[in-house]
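Below you'll find the structure, written out as structure tokens, and then a few comments.
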Amino acid sequence: MALENVKDIFGKMPEVFDADAAQGLSAVFQFEITGDDGGNWNIVVQDGTCEIVEGTHAEPSVTLTMSAETWLGMINKEINGMQAFMGGQLKAAGDIMLAQRVEQLFPL
């Protein structure tokens, strides 16, 4: 079943969070989703735990900016994250290596 709402995706992420994959990791992921269904969310990952908050974080480790359409496409496996990045649909600022861990930490 395809996920169709950006806010619902962020609501589901704590349920699928892989605490084992986050052991030893301390990072803040900032998501800036543009468009009608967009918004800002930050995810604080701290040594096997995660907290997801709607809004912006003062000091994110990495900021990911994309349209709601791109985010939904990536979550539903219709768009590859690396291709979205290389094609300019996804912008990353900060520690871009962390961006590659999102799928591992949150296997939706």
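Odds and ends about this structure:
- Simple point charges give the picture: +1 on the Cβ of Lys and Arg, -1 on the Cβ of Asp and Glu, and for the chain a dipole about the Cα centre of about 220 debye.
- Residues whose amide H comes within less than 5 Å of that of residue 90, counting only those at least five positions distant or on another chain, are 85 (H built at 1.01 Å from N in the peptide plane).
- With helices as the sole contributors, the chain gives -7500 deg cm²/dmol at 222 nm; each DSSP H run of n ≥ 4 counts as -39500 (n - 2.57), and the sum is divided by every residue.
- Gyration tensor (alpha-carbon) shape descriptor, the chain, a/c threshold 1.5: rounded
- Average Cα contact separation per residue, the chain, under 8 Å, 6 or more apart, as relative contact order %: 29
- Beta bridges by DSSP in the chain, antiparallel share as percent, to the nearest 5: 75
- Between 0 and 90°, nearest 10: helix 6-16 axis offset from the chain longest Cα axis: 30
Readers should treat all values here as calculations from the given coordinates under stated rules, not as data from a laboratory. It should be emphasised that the depicted structure is a prediction, and the values quoted were computed from it without experimental measurement. Ideal geometry is used to build each Cβ from the backbone, glycine not excepted, and the neighbour counts take in all protein chains shown.
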